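The next block holds one structure in the form of structure tokens; read it before the comments.
The values are calculated or read from the model by the stated rules, or taken from the named source; none is laboratory data. Not measured: the values here are computed from a predicted model. A quick note on method: Cβ atoms are made from the backbone with ideal geometry, for glycine too, and the neighbour counts reach across all protein chains shown. Side chains included, ligands, DNA and RNA excluded: accessible areas come from the protein's heavy atoms. Shrake-Rupley method; radii C 1.70, N 1.55, O 1.52, S 1.80 Å.
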Amino acid sequence: MILEPELKKFQEEIRSWVEAEIAPQAKELDEIGKFPFDNVKKLAQRGLLGVVVPQEYGGLGKTSRHFAIVIEELARVCGSTCLTVAAHNSLAIGPILKFGNETQKKKYLPDLASGRKIGAFGLTESEAGSDAGGTKTFASLNGNYYSINGSKCFTTNGSVADTYVITARTKKEKDSKSISSFIVERDSKGFSVGKTEKKMGLKGSDTATIIFEEVKVPKENLLGQEGEGFKQFLATLDSGRIGIGAMAVGLAQAALEESLKFAKTREQFDQPIANFQAIQWKLADMATQIEAARLMVHRSAYLKDQGKDFIKQASMAKLFASEVGRMVTYQAIQILGGYGFMSEYPVERFYRDVKLTEIGEGTSEIQRLVIFRQLLKEKNLI
Ligand SMILES: Cc1cc2nc3c(=O)[nH]c(=O)nc-3n(C[C@H](O)[C@H](O)[C@H](O)COP(=O)(O)OP(=O)(O)OC[C@H]3O[C@@H](n4cnc5c(N)ncnc54)[C@H](O)[C@@H]3O)c2cc1C
């Protein structure tokens, strides 16, 4: 893909930085399932924990396309670190930036953007996944405080975060206007971390249950107005999908590069396997699919930056890129043969890591639902 000169320069700088600073830890993080605290520190120093946060709040003040580049480049070297950063930027910072008032922005964004604090987003519950509107966590207003009871599962950065954006029902009725969003601080009384998940991939990324037992949250920590939480989390996920799409592209790109390198050096029948048309066609298809997915991710980021409607494009980009990610990493294992199956080579890690992109921030089935609903609204389908 041809990037404009400024974006190209940014991409090259990020690539050489992540290759030097983040890549060396990737294998070990996967093997021991350790949260990348050291990487987070380095990312913070490099400003990558507040990529789109305006400079007045301590961020880099960059565009969504810069963010897509950061996420792709991180995924290309370390999926676990990538998801940590994607969730922090898109899911924790995103809603505060978009829906927070000036006081909330000034209070929370500088710490998050500088990496002094890690952010997480609690939407999913054990009985409310794709149907996130079915949330049972409840927040009742008592004077100046909301009292929150309930729990959230599968929360990325859940056990390591300091600042959480969560959804809770503020009315008993089960409609979309009964959900609200809150900023919850980790040291609130009654807040605790439950189970930390063991996963098939992204093992260095932290995924945990967070629990609220009579957690008192000041009224000032309500994001927007009561009843706006449903709309807010939909919008948060719309933006987040650009990041997950970029993550899938980065993992696929890494798999393509490993496959190409291997195919050129692995000899069978007295020649490199890259001489066989069966291998050449796989590589050509992989590269073509990645190029298309990357263009879709950048198109949705561009539309977002222009203030245009990007819901359909972000959903399409995430759907397509995640399926490309799965197919490309699968073919990479095939190209490496038995070596692809061995953890000595990284492609089996890419294959395990990329699966999340078809599930998180809305499964592929839900993306198809979102796209179809957008199609119904459109007069001009182009
Ligand atoms: C590693 C990881 C990190 C995550 N991080 C976070 C996080 O930071 N914050 C957070 O809030 N959540 C997080 N999640 C949760 C994630 O968003 C949910 O897992 C996802 O939305 C799906 O919900 P579910 O797992 O309950 O599956 P379900 O909703 O139970 O879905 C099960 C199956 O049914 C299908 N299905 C459901 N409804 C429909 C429908 N209407 N039409 C067709 N098919 C349907 C789904 O597509 C899926 O195939 C994370 C998940 C993982 C795996």
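Observations, loosely collected:
- Over the stretch 120-227, equivalent-ellipsoid semi-axes from the Cα gyration tensor in Å: 23, 16, 10
- Only Cα pairs under 8 Å and 6+ residues apart enter the sum, and on that basis the relative contact order of the stretch 230-377 stands at 33 percent.
- Kirkwood Rh and Cα Rg combined as Rg over Rh, evaluated for the stretch 5-118: 0.97
- Contact order relative to length of the stretch 4-96, as percent, for alpha carbon pairs under 8 angstrom and 6 or more apart: 31
- Solvent exposure of the chain amounts to 46 Å² per residue of accessible area, where only protein heavy atoms count and the probe is 1.4 Å.
- Quotient of C-alpha Rg and 2.2 N^0.38 Å, computed over the chain: 0.99
- Pairwise FRET efficiency - Glu291 versus Phe37, Cβ, R0 = 35 Å, nearest 0.05: 0.50
- Taking 0.36 nm per residue of separation and subtracting the current Cα-Cα distance, fully stretching the chain between Lys107 and Gln45 would add 20.3 nm.
- Applying D = kT/(6 pi eta Rh) to the stretch 230-377, where Rh is the Kirkwood radius over alpha-carbon pairs, T corresponds to 37 °C and eta to 0.692 mPa s, the Stokes-Einstein value obtained is 206 µm²/s.
- When the helices of the chain are scored as -39500 (n - 2.57) per DSSP H run of n ≥ 4 and the total is divided over every residue, the value at 222 nm lands at -16500 deg cm²/dmol.
- Per-pair calculated FRET efficiency, R0 = 25 Å: Lys27 and Arg266 via Cβ, rounded to 0.05: 0.75
- Rounded to the nearest 10 square angstrom, Trp17 shows an accessible area of 40 square angstrom against a 1.4 Å probe.
- Cβ-based net charge around Ile183, under 10 Å, with every Lys or Arg adding one and every Asp or Glu removing one: -1
- Mean-square fluctuations from a GNM of the chain, with a 10 angstrom spring cutoff on Cα atoms, peak among Met296, Met247, Met342 at Met342.
- Residues listed by number, the stretch 164-196, amide nitrogen under 15 Å from Glu220 label point at 7 Å toward C-beta: 183-185
- Rel. contact order, % - alpha carbon contacts under 8 angstrom, at least six apart, the stretch 40-87: 25
- Net charge over other residues, Cβ less than 10 angstrom from the Cβ of Gly115 (K, R count +1; D, E count -1): +4
- Ratio Rg/Rh, restricted to the stretch 84-157 and using Cα atoms, in which Rh is the Kirkwood radius: 1.00
- Surface share of carbon and sulfur [accessible, 1.4 angstrom probe, percent] for the stretch 174-318: 53
- Bridges between two residues of the chain, per DSSP, are antiparallel at a rate of about 85%.
- Mean projection area, nm², convex hull over Cα of the stretch 44-194: 9.6
- Once the Cα-Cα distance is subtracted from the 0.36 nm per residue extended length, the Phe341 to Asp175 segment shows a gain of 55.0 nm.
- Residue-span extension gain [Leu376 to Asp305] - 0.36 nm each, minus C-alpha spacing: 23.1 nm
- When the chain is described by a simple charge dipole with +1 on each Lys and Arg Cβ and -1 on each Asp and Glu Cβ, the residue from Ser147, Ala113, Leu43 located farthest towards its positive end is Ser147.
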